[in-house]
1. For a quick check of your reading of the filter: which trypsin sites (Lys or Arg not before Pro) in the stretch 165-255 sit in a DSSP loop and have no more than 15 other Cβ atoms within 10 Å?
2. So, R0 is 22 Å and r is the distance between the beta-carbons of ARG7 and ASP92; what FRET efficiency does that work out to, to 0.05?
3. Taking 4 °C and 1.567 mPa s as the conditions, I'd like the Stokes-Einstein D for the stretch 206-305 in µm²/s, using the Kirkwood hydrodynamic radius from alpha carbon pairs.
4. Tally up the carbon and sulfur contribution to the accessible surface of the chain as a whole percent, 1.4 Å probe, everything protein left in place.
5. Could you work out the helix-only [θ] at 222 nm for the chain, with each DSSP H run of four or more residues adding -39,500 (n - 2.57) and the total divided by the number of residues, to the nearest 500 deg cm²/dmol?
6. Please report the net charge: other residues with Cβ closer than 12 Å to the Cβ of LYS96, K and R +1, D and E -1.
7. Which value, to two decimals, describes the C-alpha radius of gyration of the chain once divided by 2.2 N^0.38 Å?
8. What's the longest piece of the chain with no exposed GluC sites (Glu not before Pro), counting a site as exposed if DSSP puts it in a loop and it has at most 10 other beta carbons within 10 Å?
Amino acid sequence: EYMRAFRDVEEVQAEAIQHLSSFVRDKSGMALFSLPYLLTFTELITSAMKTHIDSLKLQVDGCSLLLEILSQALEQDVVMALDENVASSLLDTMRKHLENEELLSLLCTLLMMISASEVAAENLRKVGIIPDLLSVLRNFLHNERICFSCCGILWSLAVSEKNIDRALLKSAVPVTSAVLQEHLQNGTVTESACSALWALSLQGCIIEDEYEPTTALLLDALRMNLRRPVLVKNAFLALASLLRLSEISALRFIMDSKGSGINLIKDAYHLHFDDPGVVESICLLLNEMVQYGEMVVLFVESLFLSPTPKDSKENCNSS
């Protein structure tokens, strides 16, 4: 009531957010609140941020508090599907403070958490977040946290089958590829970028001129991060999508100058033979390769000539 009564007074809103922050940090007290209370907190905070959008400190404090609320909600297995008004308020903050790296880092992390809900992801799409997200990525390509979060948001937006705007998502491919190129040695960011590229490939957003360079980039990601099962699975799934579309991708996969992708499949299988998700992605990739004829079949068969922890063919048949 205090926040509602003095909506236009910045000092009151800032003080209230500080008070709420102290309360939320006391997890024993926070646990008493149900979803309606959490949603009310969120709406009040985003309303204060929208009203006082020029106040950088209030934006930072508001984002930090929202992150804490969402984190604790997840710990309690509470899913908060935030509405379009909240999504719009957060996007307004992003647009107003596009040059502030600290705030954008917090905000993108917050938006990634929000986008895990299909309803919230749809609301973010409705308010037109994609162009702004890509601008942030281009401007802060060096920032690992921003890149990780933005690729996570792109994955959530692209993986949805509702109201896909392919024209917009196509423009995300070169930016996502740039993130992958920039952060190949950072497994966490690379994993997020590979997931985004897989989702974009599923939606048919990768164009013909991008087939070969994207294939090469995914191979580089695998070479440098082969021990990460989620990354391996998503990279192989993205490659399977590319091979389904293009013979050029298949040739690059087999004959890449840095080493054949066949060897990467073999090494990945040795490392992750007991991971059903990885094994399934390998089988899907092999299935796409077989369509390109006898030469590829011979390469694939060579995969099974040396001993493996379990019989690979049986694993593929059972996937």
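The values are calculated or read from the model by the stated rules, or taken from the named source; none is laboratory data. Worth saying up front: this structure is predicted, and the values here are computed from it rather than measured. Cβ atoms come from the backbone with ideal geometry, glycine included; neighbour counts cover every protein chain shown. Just so you know, the surface numbers come from the protein's heavy atoms only, side chains and all, with ligands and any DNA or RNA stripped out. Shrake-Rupley method; radii C 1.70, N 1.55, O 1.52, S 1.80 Å.
1. Passing both the DSSP loop test and the Cβ count: ARG227.
2. Given R0 = 22 Å and the Cβ-Cβ separation, E is 0.85.
3. The Stokes-Einstein estimate is 98 µm²/s.
4. That share works out to 53 percent.
5. -23500 deg cm²/dmol
6. Summing Lys and Arg as +1 and Asp and Glu as -1 gives -2.
7. Here the answer is 1.14, to two decimals.
8. 162-319
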